[in-house]
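**Q** Sharing a structure below in structure tokens format, with a few things to ask.
The values are calculated or read from the model by the stated rules, or taken from the named source; none is laboratory data. Keep in mind it's a predicted model, so treat the numbers as computed, not measured. In this analysis, Cβ positions are derived from the backbone assuming ideal geometry, glycine residues included, and neighbour counts consider all displayed protein chains.
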């Protein structure tokens, strides 16, 4: 009997939805909103499928890269004892989920410091990340030519926050989920926020940008 697929890869390839691989309290974040619960996620599982999926998994965090209609896309997940507890669907084809709350047009500042540093990253908050990979990730994210704010729109006052980061093993680099925030260049300057998946090590880094327009980036504004 063959081994079952990794739970995140199973979602990406469209394998018959396995409720036991997703926690009942799982949250899925898509474009402009989120949905909660194993049943609700199962109902839109077909929107999570990717072409040519490739899995990169650590113990507590995983990313599947792939394509949707010929454009880059990705799934990312928090893992708890091998089950998916939180999901992000990024890039082309991300589901436009409805939200029951009203977006508030305020800057995203998760450290509440109103800081001006270009990178918010505390390696100790990512226990699966080695010191070497933490240094490599910080160097990568500090280079604006490597991680552009977005190839599709101009962002002023850009800041990056490392939401998740894990090493993949000695010599294999790692994976991370990055939140990029700032303001649009046009007037009035609406706050913008979008999420990027990053993989580094073993060649050129792979970076996925979610936002293709200012409208999409604004959909990721903080909510209450």
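Results for (1) surrounded by fewer than 17 Cβ atoms within 10 Å (Cβ to Cβ); (2) in the same structural domain as residue 208 (by TED's automatic domain parsing); (3) assigned to a loop (DSSP other than H, G, I, E, B); (4) modelled with pLDDT of 90 or more, shown as yes or no for each residue.
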residue: 20; (1), (2), (3), (4): yes, no, no, no
residue: 25; (1), (2), (3), (4): yes, no, no, yes
residue: 35; (1), (2), (3), (4): no, no, no, no
residue: 54; (1), (2), (3), (4): yes, no, no, yes
residue: 63; (1), (2), (3), (4): no, no, no, yes
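**Q** Sticking with this structure for a sec: With assigned to a loop (DSSP other than H, G, I, E, B), crowded, with 16+ Cβ neighbours inside 10 Å and at pLDDT 80 or above as the only criterion, which of 129, 160 stands out? Show your work before the answer.
**A** Values: 160 fails: assigned to a loop (DSSP other than H, G, I, E, B).
That would be 129, the only listed residue that is assigned to a loop (DSSP other than H, G, I, E, B), crowded, with 16+ Cβ neighbours inside 10 Å and at pLDDT 80 or above.
**Q** Oh, and also: Taking region 181-190, which residues are surrounded by 21 or more Cβ atoms within 10 Å (Cβ to Cβ) and either touching a residue at least 60 places away in the same chain (Cβ under 8 Å) or closer than 14 Å to residue 140 by Cα (or both)?
**A** 181
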